[in-house]
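Notes follow the structure.
Coordinate-derived values only; no laboratory data. As the structure is a computational prediction, the values presented were derived from the model and not from experiment. In this analysis, Cβ positions are derived from the backbone assuming ideal geometry, glycine residues included, and neighbour counts consider all displayed protein chains.
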Amino acid sequence: MTVYIDPPTWPGHGRMWSHMVSDLSYDELHAFAEQVGCPRRAFERDHYDVPAHRYADAVRAGAVEVSSREVVRLLTQAGLRRRKRSAR
């Protein structure tokens, strides 16, 4: 069981955010997110948006720190990547 998190470098809504993902399953990711206090509404397509103030909590709970590129690579390799639909 491995959950990964990138640094909180993504701005939005007046704060900085990280992305938290699993390389195994969404079920694993949802269980881990619940354990660290991330609400289900923070789940977006294939990852959780984690505010900067929760980053250390996720790492202490066992999330592995990786780069943003590594998050995408891990999701793609696991077959869990869900891209945004393009506007037509």
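Evaluating 6.51 cos²θ - 1.76 cosθ + 1.60 at θ = phi - 60° for every residue in the range 67-83, the Karplus couplings come out as 6, 4, 4, 5, 4, 5, 4, 5, 4, 5, 4, 7, x, 9, 6, 10, 6 Hz, glycine and proline recorded as x. Comparing 2, 78, 31 along the charge dipole axis of the chain, the residue lying farthest to the positive side is 78, per the Cβ-charge model.
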